[in-house]
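J.: This structure is in structure tokens; I'll ask about it shortly.
The values are calculated or read from the model by the stated rules, or taken from the named source; none is laboratory data. In this text, all values refer to a predicted model and were calculated from it rather than measured experimentally. All Cβ positions, glycine included, derive from the backbone under ideal geometry; neighbour counts span all protein chains shown. Remember, those area values only see protein heavy atoms, side chains included, never the ligands or the DNA or RNA. Shrake-Rupley method; radii C 1.70, N 1.55, O 1.52, S 1.80 Å.
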Amino acid sequence: MRSFLRTKLACYVSYFTQGIVMNLTAVLFVPLQTLYGFTYTQLGTLVFINFVFQLLADVVFSKPLDRFGFKAFSRLASLTCFLGLALFASVPSWAGRFTFAGLCVATAIFSASLGIWEVILSPIINGLPGEHKESSMAILHSFLAWGMIAGIAGTTLLLKVFGARGWQLIVLIWSILPLINLIQFWGAPLPSTKPREQLMKTRSLLKNRIFILSFLAIFFGAAAEITLMQWISTFLERGAGMSKLAGDLLGLCGFALCFGLGRLVFSIFGKKWDTHKLMIYGSAAAAACYLVVALSPSTALTVFACWVAGAATCLLWPETLVVAASALPAAGAALFGLLAAAGDLGTAISSFLVGTAADLLAPLVPDSFSISAEQFGLRAAVLLGCVLPILSVVFQVLLKRGVARAKNE
């Protein structure tokens with residue numbers, strides 16, 4: 001049988017790199033603000049551009065992928081990521097007073113590469129012969145967590161070593177990864193896509209009950225997963241009184257570690273378990289974690305709840321993809337692109353709503369409460385956020401029933 005080890009390694013490094021790059025701008029907020037005087041709105045705009053171009057790439061490239069195959073897009077994603085990061089690092093050297101505009105353009109370029117990876121990596125692994133799909137997908141997506149940990153901890157450590165003015169060198173160091181991956185993908189054997197005449201029409205896919213339930217399940221599952229992850233650092237620092245360093249390492253990196261370990265454990269023992277039940281129970285556990293984070297007076301218990309939430313939500317994105325792909329084998333790569341877009345959309349909307357809720361609810365703190373308005377707003381927003389994993393439970397249950405019904409028809 002043809003060996004696909006190089007293919008799998010290239011996919012793993014791609015997701016590892018994505019975990020680094022997707023959080024890189026946020027980790028560099030302080031040096032960028034200190035050196036160039038950017039406002040919080042400008043910094044937030046960079047994050048928004050990151051999301052928008054990932055989402056656009058999810059949608060734009062999902063259909064052409066079935067026509068042109070994986071090879072061209074695997075190379076394009078790695079090259080685009082390298083060029084985007086290199087441009088991002090060089091902007092202050094040539095852009096002058098247009099530095100922010102240059103950073104926006106560079107962010108759009110490397111963010112598009114992340115979206116292409118989201119479209120191609122899962123169907124590549126899913127298309128390899130002789131693989132246990134659930135386990136393989138869990139291993140693949142675990143590398144996102146390892147990349148997050150490496151990116152957050154590594155960038156923070158390198159900033160300590162090089163100082164704020166060394167941020168450009170740090171970005172260039174990380175840009176080596178996609179360049180190496182370009183070489184790795186260049187000679188890697190890739191599975192073929194399905195012939196176009198065998199594929200389900202996009203209009204039929206969008207009307208399919210399994211697709212709709214999968215879309216909603218991954219929308220709320222990703223929202224439950226990423227929203228808490230994005231707000232852990234701010235919540236532990238501003239809402240629970242921890243230092244930023246402790247909040248990032250114990251809270252954010254702890255969440256990512258449990259997130260990745262959960263996927264690895266599933267890759268080993270997942271053949272014996274009911275994937276649907278795990279996602280339903282995981283969503284329910286995540287809802288309980290949201291409640292603990294919002295209401296617990298104990299910082300230690302809050303941190304522990306963040307760790308549990310990492311493990312509880314670790315399967316909601318990748319295994320929903322596997323369930324949908326198994327139920328809709330004729331959907332092709334478009335299925336993965338559209339579901340990736342659902343996850344990105346759920347993350348963006350939910351994170352925005354939680355942040356807005358924190359601002360709106362902060363002035364409503366009762367006089368009898370012994371916490372500040374900011375702490376009250378953050379806790380109330382997280383409390384409202386528990387609706388996300390609850391809705392994930394609902395749609396995972398409906399998806400389980402829908403798949404069972406489709407098998408019996």
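J.: Kindly indicate whether any position in segment 98-109 is small (Gly, Ala, Ser), within 23 Å of the chain's Cα centre (by Cα), open to solvent by less than 10 Å² (accessible area, probe 1.4 Å) and within 28 Å of residue 193 (Cβ to Cβ).
T.: The initial filter retains those residues of segment 98-109 that are small (Gly, Ala, Ser), namely 101-102, 106, 108.
Applying the additional criterion that residues be within 23 Å of the chain's Cα centre (by Cα) yields 106, 108.
In the following step, the residues that additionally are open to solvent by less than 10 Å² (accessible area, probe 1.4 Å) were identified as 106.
Next, only the ones that are within 28 Å of residue 193 (Cβ to Cβ) stay: none.
No, the conditions are met nowhere in segment 98-109.
J.: Give me the pairs: first residue in segment 68-93 and at positive phi, second residue modelled with pLDDT under 95, beta-carbon distance under 6 Å, and six or more apart or on different chains, which are they?
T.: 69/193
J.: Next question. Take the residues of segment 128-167 that are open to solvent by less than 40 Å² (accessible area, probe 1.4 Å) and outside any helix (DSSP H, G or I): which is modelled with the lowest pLDDT?
T.: 128
J.: How about segment 11-57: which of its residues are outside any helix (DSSP H, G or I) and surrounded by 16 or more Cβ atoms within 10 Å (Cβ to Cβ)? Don't jump to the end; show me each part of the working.
T.: Here is the first cut: in segment 11-57, the ones outside any helix (DSSP H, G or I) are 28, 37-39.
Listed by number, the residues that qualify are 28, 38.
J.: So if I check each of 340, 362, which one is more than 19 Å from the chain's Cα centre (by Cα) and not β-branched (Val, Ile, Thr)?
T.: On the way: 340 fails: more than 19 Å from the chain's Cα centre (by Cα).
Matching residue, one of 340, 362: 362.
J.: Can you pull out the residues in segment 366-392 that are more than 14 Å from residue 295 (Cα to Cα) and either small (Gly, Ala, Ser) or over 22 Å from the mean Cα position of the chain (by Cα) (or both)? Spell out how you get there, then give the answer.
T.: Step one: filter segment 366-392 for residues more than 14 Å from residue 295 (Cα to Cα), giving 366-368, 372-374, 387-392.
The answer is 366, 367, 368, 372, 373, 374, 392.
J.: Suppose we filter 204, 243 for residues that are surrounded by fewer than 18 Cβ atoms within 10 Å (Cβ to Cβ) and closer than 25 Å to residue 321 by Cα; which single one remains? Give the derivation first.
T.: Numbers: 243 fails: closer than 25 Å to residue 321 by Cα.
Only one candidate passes the filter, namely 204.
J.: Same structure again: Consider only pairs whose beta carbons are under 8 Å apart and that are at least six residues apart or on different chains; among these, list those whose first residue lies in segment 285-301 and is farther than 16 Å from residue 225 by Cβ and whose second residue is outside any helix (DSSP H, G or I) and open to solvent by less than 40 Å² (accessible area, probe 1.4 Å).
T.: Close Cβ pairs (under 8 Å, with a partner that is outside any helix (DSSP H, G or I) and open to solvent by less than 40 Å² (accessible area, probe 1.4 Å)) amount to 291/386; 294/386; 299/240; 299/242.
J.: So residue 104 clears everything in (1) touching a Phe, Trp or Tyr at 6+ places or on another chain (Cβ under 9 Å); (2) touching a residue at least 24 places away in the same chain (Cβ under 8 Å); (3) part of a helix (DSSP H, G or I) except one condition, right? Which one?
T.: (1)
J.: Of these, 178, 191, which one is touching a residue at least 12 places away in the same chain (Cβ under 8 Å) and either open to solvent by 50 Å² or more (accessible area, probe 1.4 Å) or outside any helix (DSSP H, G or I) (or both)? Before the answer, list the steps.
T.: On the way: 178 fails: either open to solvent by 50 Å² or more (accessible area, probe 1.4 Å) or outside any helix (DSSP H, G or I) (or both).
Sole residue among the options that is touching a residue at least 12 places away in the same chain (Cβ under 8 Å) and either open to solvent by 50 Å² or more (accessible area, probe 1.4 Å) or outside any helix (DSSP H, G or I) (or both): 191.
J.: Taking residue 62 and the conditions (1) closer than 17 Å to residue 355 by Cα; (2) surrounded by 16 or more Cβ atoms within 10 Å (Cβ to Cβ); (3) in contact (Cβ under 8 Å) with a residue 24 or more places away in the chain, which numbered condition does it fall short on, given that it satisfies the others?
T.: (1)
J.: Moving to a separate point now. State all residues of segment 12-55 that are of a type outside the set (Gly, Ala, Ser) and at pLDDT 90 or above; if no residue qualifies, say none. Full working, then the answer.
T.: Start the filter on segment 12-55 by keeping residues that are of a type outside the set (Gly, Ala, Ser), which leaves 12-13, 15-18, 20-25, 27-36, 38-43, 45-55.
Within segment 12-55, 12, 13, 15, 16, 17, 18, 20, 21 meet the criteria.
J.: Return the pair list, or none, for Cβ contacts closer than 6 Å from residues in segment 200-221 that are farther than 13 Å from residue 331 by Cβ and in contact (Cβ under 8 Å) with a residue 40 or more places away in the chain to residues that are in a helix (DSSP H, G or I) and open to solvent by 50 Å² or more (accessible area, probe 1.4 Å), at least 6 apart or on different chains.
T.: The qualifying pairs are 213/398; 220/391.
J.: Just to be sure I understand, how many residues within segment 337-351 are under 12 Å from residue 57 (Cα atoms) and among the hydrophobic types (A, V, I, L, M, F, W, C)? Spell out the reasoning first.
T.: Our first condition is that a residue be under 12 Å from residue 57 (Cα atoms); within segment 337-351, this holds for 337-338, 340-341, 344.
Going one step further and asking which of them are among the hydrophobic types (A, V, I, L, M, F, W, C), we end up with 338, 340-341.
The number of residues fulfilling the criteria is 3.
J.: Confirm whether residue 139 is of a type in the set (Val, Ile, Thr) and under 28 Å from residue 255 (Cα atoms).
T.: Numbers: of a type in the set (Val, Ile, Thr): yes; under 28 Å from residue 255 (Cα atoms): yes.
Yes.
J.: Looking for whichever is modelled with pLDDT of 85 or more, in contact with a Pro (Cβ under 8 Å, 6 or more places away or on another chain) and assigned to a helix (DSSP H, G or I) here; the options are 256, 224. Which one fits? Can you show your working first?
T.: On the way: 256 fails: in contact with a Pro (Cβ under 8 Å, 6 or more places away or on another chain).
After ruling out the rest, the residue left standing is 224.
Condition check ((1) under 23 Å from residue 187 (Cα atoms); (2) of a type outside the set (A, V, I, L, M)) across all residues:
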| position | (1), (2) |
| --- | --- |
| 76 | yes, no |
| 80 | yes, yes |
| 94 | no, yes |
| 104 | no, yes |
| 125 | yes, no |
| 137 | yes, no |
